[in-house]
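The values are calculated or read from the model by the stated rules, or taken from the named source; none is laboratory data. All values reported here derive from a predicted model rather than from experimental measurement. Note that each Cβ is placed from the backbone with ideal geometry, even for glycine, and that neighbours are counted across all protein chains shown. In case anyone asks, the SASA skips ligands and DNA or RNA and just uses the protein heavy atoms, side chains included. Shrake-Rupley method; radii C 1.70, N 1.55, O 1.52, S 1.80 Å.
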Amino acid sequence: MIILGIETSCDETSIGIIKGRRILSNIIYSQDIIHQSFGGIVPELASREHLKKILPIFQEALSRASISIDAIDAIGVTNSPGLKGSLIIGISFAAGLAYSLEKPLYFVDHLYGHIASNFIKNVKFPCLGLVVSGGHTSLFYIKNHVDFELVGRTLDDACGEAFDKVARILKLPYPGGPYLEKLACEGNEKKIDFPRPYLHGSLNFSFSGIKTAVFYHVKKEGLENKADVAASFQKTITDTIIKKMSMALEKYPVQNFLFGGGVIQNQYIRDRLREHFEKRNIKILIPEKNLCMDNGAMAGIFTYFLIKYKIPPSPYTIKVIPTKLVNIH
Ligand code: KG4
Ligand code: ZN
């Protein structure tokens, strides 16, 4: 079975092609350069860029996978959460293509997609999954490949958002996460003791306090020791993730922890998670770095399991659930 996965929820236009659970191609076009001078994503520019890129990326995905358009058996597309205009481009393209090819169309939740990047490997269920991205920090108790229960989430800033805002305070370019990680390599992570928001007894997260603490620290001390600030901030965030996952483990004694989302590209976080949990005999699944960022293959992999679990396809309609509406539920 050959599945086309489409992802346009934010500022990456991406199409992946998978055969079973094997990735044949995964083309990712990132718009970072376009939004950089604004210091954040401009939604209108994002949707216009998706519109320009989606067809060439589709053609490149087919050519890299060495398949023709007729070989596609099903199409999966991210329809929530995300930027409304950006989602509309991907869904319109997917629905039009599925309708014209007379193939089934599946809507994919972006957060489940991030976790599904791990499903190219075998997973022992039930397990816990944490998505750490620019827009979300969401903890799931996962009963099988398609049955996710949200058991914790951020009450304010997403983890990647905190990275980006702290990077801005440190006068680093956008998106700040990778620049902050690089700077942190030169710093002393024990230099500054930022507050750790453990929220006693809750599996929810809160990252805006750390960001504010960094702001006041820099206001007082200036930017001279900014590498130490970056390293101490990164350590605080990682300690918080480890603490929360340990608390979750007490409530849900699972054997596998799955991670996903842009922030999980951070090598320091990857190493610390592995080191901490593998000592405790918990298997950690972390996707390759290019499968942590937004990509089409993850939508394709999740679709593979929707089909396997006999979930009915979606109608050929443009059903978009943007971020704000998702949060209301
Ligand atoms: O999952 P993603 O590509 O898009 C969303 O769904 O939000 O995540 C993007 C986020 C940004 O906030 C970016 O700064 C962060 O991931 N990020 C990182 C690193 N690389 C990307 N954060 C920390 N360290 C990194 N190396
Ligand atoms: Zn994402």
Accessible area of the stretch 2-93 with a 1.4 Å probe: how many percent of it is carbon plus sulfur? 56 percent
Using alpha carbon centers only, the stretch 98-132 is separated from the stretch 33-76 by a whole-angstrom value of 19 Å
Segments 125-131, 212-218 sorted - mean Cβ within 10 Å per residue, highest first: 125-131, 212-218
Given springs between every Cα pair under 10 Å in a Gaussian network model of the chain, which of 36, 265, 234 has the largest fluctuation? 36
Working with all protein chains in place, sort 247, 1, 298 by solvent-accessible area computed with a 1.4 Å probe, largest first. 1, 247, 298
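Which FRET efficiency, nearest 0.05, do residue 1 and residue 143 yield, Cβ-Cβ r, R0 25 Å?
Efficiency at R0 = 25 Å is approximately 0.60.
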Kirkwood Rh over Cα pairs of the stretch 123-288 into Stokes-Einstein at 20 °C, 1.002 mPa s: D in µm²/s? 133 µm²/s
Gain upon complete extension [residue 275, residue 59; 0.36 nm per residue less C-alpha separation]: 73.6 nm
If ligands, DNA and RNA are left out, what is the accessible area of residue 219 with a 1.4 Å probe, given in Å² to the nearest 10? 150 Å²
MRE, 222 nm, helices only [DSSP H, n ≥ 4, -39500 (n - 2.57), over the chain, to nearest 500]: -14000 deg cm²/dmol
Using only Cα atoms, what is the ratio of the radius of gyration of the chain to 2.2 N^0.38 Å? 0.99
Relative contact order of the chain, pairs being alpha-carbon contacts under 8 Å that are 6 or more residues apart, as %: 26 percent
Got a sec? Charge dipole of the chain, +1 on Cβ for Lys and Arg, -1 for Asp and Glu; which of 125, 54, 318 is way out at the positive end? 125
Peptides 193-199, 152-158 ordered by average Cβ neighbours within 10 Å, highest first: 152-158, 193-199
For residue 219 and residue 121, what is the calculated FRET efficiency with R₀ set at 45 Å and r taken between the beta-carbons, to the nearest 0.05? 0.50
How much solvent-accessible surface does residue 37 expose, in Å² to the nearest 10, with a 1.4 Å probe and all protein chains in place? 100 Å²
In terms of Cα to Cα distance under 19 Å, which aspartates and glutamates are near enough to residue 191, apart from those fewer than 8 places away along the same chain? 181, 221, 224, 228, 239
Mean accessible area per residue over the chain (1.4 angstrom probe, all protein chains present, square angstrom) is 44 Å²
Pairs beyond 22 Å (Cα-Cα), from 103/319; 124/279; 165/219; 211/243; 19/53: 19/53
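Give me the Å³ per residue figure for the convex hull around the C-alpha atoms of the stretch 1-113.
Measuring per residue, one finds 92 Å³ for the Cα hull of the stretch 1-113.
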Taking the Cα centre of the stretch 123-288 as origin, sum charge times position over the Cβ atoms of Lys and Arg (+1) and Asp and Glu (-1), and report the length of that vector in debye to the nearest 20. 200 debye
Students often check this: by mean Cβ neighbours within 10 Å, which of 24-33, 168-177 ranks highest, and how do the rest follow? 168-177, 24-33
Answer in debye to the nearest 20: the dipole magnitude of the chain about its Cα centre, from +1 Lys/Arg and -1 Asp/Glu charges placed on Cβ, is 620 debye
Could you check the spin-label model distance between residue 196 and residue 171? Points 7 Å from the Cα along Cα→Cβ, value in nm. 3.2 nm
